[in-house]
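Undergrad: Handing you this structure, nothing more for now.
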Amino acid sequence: MQLSSPKTYITAFFLLSTAAAQQTSPFPECTYALAHTDNCAAVINANACYNKFRWSSRTWTCIDGENGVEKQRKVCECCRCVGKVMCDWVSAQNVC
């Protein structure tokens, strides 16, 4: 699989997160359709930024959005498309 386009990255993350999504979670399941929304792209495409800030308060700067409320809504909707570490971080932030 060549990882050169955003669509390819989204598909790869969707496939990887599907296995993790089988666990019980208060967050919506990451479906193919959900992973391909603009809201989830704003959350999924920021993975390099997450790695840079190591899930600190600066992680919010990684997510596209006009304000904190919009970013929180996107993360709550799409954390399972990134993986368990994202959902764990969101739970610790008490935003969902």
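Undergrad: Which one is surrounded by the most Cβ atoms within 10 Å (Cβ to Cβ) among residues in segment 73-96 that are aliphatic (A, V, I, L, M) and free of Cβ contacts under 8 Å to residues at least 40 places away in the same chain?
TA: Quick first cut of segment 73-96, residues aliphatic (A, V, I, L, M) only: 75, 82, 85-86, 90, 92, 95.
So of that shortlist, the ones also free of Cβ contacts under 8 Å to residues at least 40 places away in the same chain come out as 75, 85, 92, 95.
Working: Val75: 27, Val85: 12, Ala92: 9, Val95: 15.
The qualifying residue surrounded by the most Cβ atoms within 10 Å (Cβ to Cβ) is Val75.
Undergrad: Count, please, the residues in segment 36-71 that happen to be touching a Gly at 6+ places or on another chain (Cβ under 9 Å) and of a type in the set (A, V, I, L, M).
TA: Of the residues in segment 36-71, 1 are touching a Gly at 6+ places or on another chain (Cβ under 9 Å) and of a type in the set (A, V, I, L, M).
Undergrad: Looking at Glu66, Glu70, can you tell me which residue is surrounded by 12 or more Cβ atoms within 10 Å (Cβ to Cβ) and free of Cβ contacts under 8 Å to residues at least 40 places away in the same chain?
TA: The conditions single out Glu70.
Undergrad: Hey, another quick one. Condition (residue is at pLDDT below 85 and in a loop (DSSP other than H, G, I, E, B)) applied to segment 59-68: is it met by at least one residue? Break it down stepwise before answering.
TA: Step one: filter segment 59-68 for residues at pLDDT below 85, giving none.
For segment 59-68, residues at pLDDT below 85 and in a loop (DSSP other than H, G, I, E, B): absent.
Undergrad: Further question: Give me the pairs: first residue in segment 29-43 and more than 15 Å from Glu66 (Cα to Cα), second residue small (Gly, Ala, Ser), beta-carbon distance under 6 Å, and six or more apart or on different chains, which are they?
TA: Final answer for the pair search is Glu29/Ala21; Cys30/Ser17; Cys30/Ala21.
The values are calculated or read from the model by the stated rules, or taken from the named source; none is laboratory data. Not measured: the values here are computed from a predicted model. Backbone-built Cβ (ideal geometry, glycine too); neighbour counts: all protein chains shown.
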